[in-house]
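Worksheet: one structure, shown below.
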DNA sequence: AAATGTATTGTTATAATATAACAATAATTG
DNA sequence: CAATTATTGTTATATTATAACAATACATTT
Ligand SMILES: [Zn+2]
Ligand SMILES: [Zn+2]
Ligand SMILES: [Zn+2]
Ligand SMILES: [Zn+2]
């Protein structure tokens with residue numbers, strides 16, 4: 001199991017994360033015949049402004065700054081759209097959204113999340129799927145979706161504990 | 001990885017689940033020097049009234065029926081108390097709480113959850129811990145808590161799909 | 001038992017998150 | 001262009017959760 005982005009490495013070139021995410025989004029929208037409207041693209045950019053999951057209500061002021069006088073339903077619609085295309089993941093324990101690092105290959109939501117700085121690093125869980133499939137099959141459960149959250153303290157925040 | 005309760009077997013003796021949960025709670029409160037007050041015990045009973053996670057606001061009317069004229073803070077306090085002792089788990093994607101089937105041995109929250117009937121069956125994930133520890137160690141992440149949710153359709157609900 | 005301190009619950013108000021319902025506009029299609 | 005569909009705007013409200021302070025119950029010490 002591996003981290004699939006550099007979220008915990010504060011030296012990484014984050015512009016590269018953002019431009020990659022936008023490129024991916026355009027391709028995926030194209031392929032699925034969906035439109036990446038200005039609002040949707042902006043919401044995606046905002047979600048990708050860091051590796052810290054953002055709540056819908058944190059996006060609203062940023063949308064306003066960009067000249068969109070949007071209300072909650074508009075933000076939730078954009079988030080739903082991006083979520084359905086697998087461009088973002090929802091972190092249930094935070095009620096917040098974070099960009100997906102590998103949307104070209106649909107996969108479960110799985111993250112390490114720092115309780116201090118809130119940074120969420122996506123992890124790759126293919127090695128766990130066999131176990132999950134086994135327990136599901138054993139009980140006749142049709143597995144459709146997975147949310148995996150590993151919560152704790154990232155390396156940076158461990159250093160600066162009180 | 002195994003299911004650690006019979007949530008998906010509607011024929012199981014659920015009174016046994018409830019009485020076991022209450023017995024466990026009394027022992028655990030005793031051992032930790034905490035008080036299982038009437039409200040806390042009732043909230044635990046209500047959470048255990050089925051294997052479907054319940055939200056705080058679903059508990060309020062049931063508390064009222066039992067003669068407690070409680071407001072949200074009281075319910076949340078009782079839920080927090082039970083959660084801290086490991087007697088219940090929170091299902092992040094549902095904003096709801098469900099009884100823990102094995103509180104004597106503290107462990108991560110891990111469930112199969114039916115999107116149709118909402119039944120949540122706790123699963124045992126010790127075989128996954130090595131993978132989780134490995135990814136955490138690799139990135140200097142201090143793992144403290146885990147939320148694992150497998151979402152889909154239970155066997156009963158697969159049968160009665162439209 | 002009375003006094004004191006702590007834990008628990010009551011109470012009111014409000015914050016934070018999310019959706020319903022319908023209107024207006026923009027984009028696409030025929 | 002007209003008709004249709006998709007997207008966004010708008011208002012209102014539902015749902016989930018917590019802050020702040022008062023009152024009460026319980027435990028501990030004297
Ligand atoms: Zn980045
Ligand atoms: Zn951190
Ligand atoms: Zn049961
Ligand atoms: Zn079901």
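The values are calculated or read from the model by the stated rules, or taken from the named source; none is laboratory data. All of these numbers come straight from a predicted model, not from anything done at the bench. Cβ placement follows ideal geometry from the backbone for every residue including glycine, while neighbour counts extend to all protein chains displayed.
Points to keep in mind about this one:
- Of all residues making up segment A:27-45, the number that are touching a helix residue (DSSP H, G or I) at 6+ places or on another chain (Cβ under 9 Å) and more than 20 Å from residue A:76 (Cα to Cα): 0
- Number of residues in segment B:31-52 that are without any contact (Cβ under 8 Å) to a residue 40 or more places away in the chain and in contact with a strand residue (DSSP E or B) (Cβ under 8 Å, 6 or more places away or on another chain) equals 1.
- Within the option set A:90, A:52, being surrounded by 17 or more Cβ atoms within 10 Å (Cβ to Cβ), within 20 Å of residue A:122 (Cβ to Cβ) and more than 16 Å from ligand 2 (Cβ to nearest atom) holds for one residue only, A:90.
- For segment A:1-48, filtered to residues that are surrounded by fewer than 16 Cβ atoms within 10 Å (Cβ to Cβ), away from DNA strand C (no atom under 14 Å from the Cβ) and outside any helix (DSSP H, G or I), the residue that is farthest from the other protein chains (Cβ to nearest Cβ) is A:13.
- Test: residue in segment B:117-135 that is more than 23 Å from residue A:138 (Cα to Cα) and away from chain A (no Cβ under 12 Å): no
- Pairs are defined by a Cβ separation below 8 Å, a sequence spacing of at least 6 or placement on different chains, a first member in segment A:1-30 that is within 16 Å of ligand 4 (Cβ to nearest atom), and a second member that is at pLDDT below 95 and not in a helix (DSSP H, G or I); no pair meets this definition.
- Test: residue in segment B:19-29 that is farther than 30 Å from residue A:135 by Cβ and more than 16 Å from ligand 2 (Cβ to nearest atom): yes
- In a residue-by-residue description of segment A:60-79, the property of being over 22 Å from residue A:14 (Cα atoms), buried (at least 19 other Cβ atoms within 10 Å of the Cβ), facing chain B (nearest Cβ under 9 Å) and in contact (Cβ under 8 Å) with a residue 24 or more places away in the chain applies to no position.
This table checks each residue for (1) touching a strand residue (DSSP E or B) at 6+ places or on another chain (Cβ under 7 Å); (2) modelled with pLDDT under 95; (3) within 14 Å of ligand 3 (Cβ to nearest atom).
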| residue | (1), (2), (3) |
| --- | --- |
| B:19 | no, no, yes |
| B:28 | no, no, no |
| B:66 | no, yes, no |
| B:78 | no, no, no |
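- Looking across segment B:143-162, the residues that are surrounded by 16 or more Cβ atoms within 10 Å (Cβ to Cβ) and more than 16 Å from DNA strand C (Cβ to nearest atom) come down to B:143, B:146, B:148, B:150, B:152, B:153, B:154, B:157.
- Among residues of segment A:82-134, those that are in contact with a helix residue (DSSP H, G or I) (Cβ under 7 Å, 6 or more places away or on another chain), away from DNA strand C (no atom under 16 Å from the Cβ) and assigned to a helix (DSSP H, G or I), counted: 3
- Per the listing A:139, A:105, the residue uniquely more than 11 Å from chain B (Cβ to nearest Cβ) and without any contact (Cβ under 8 Å) to a residue 12 or more places away in the chain is A:105.
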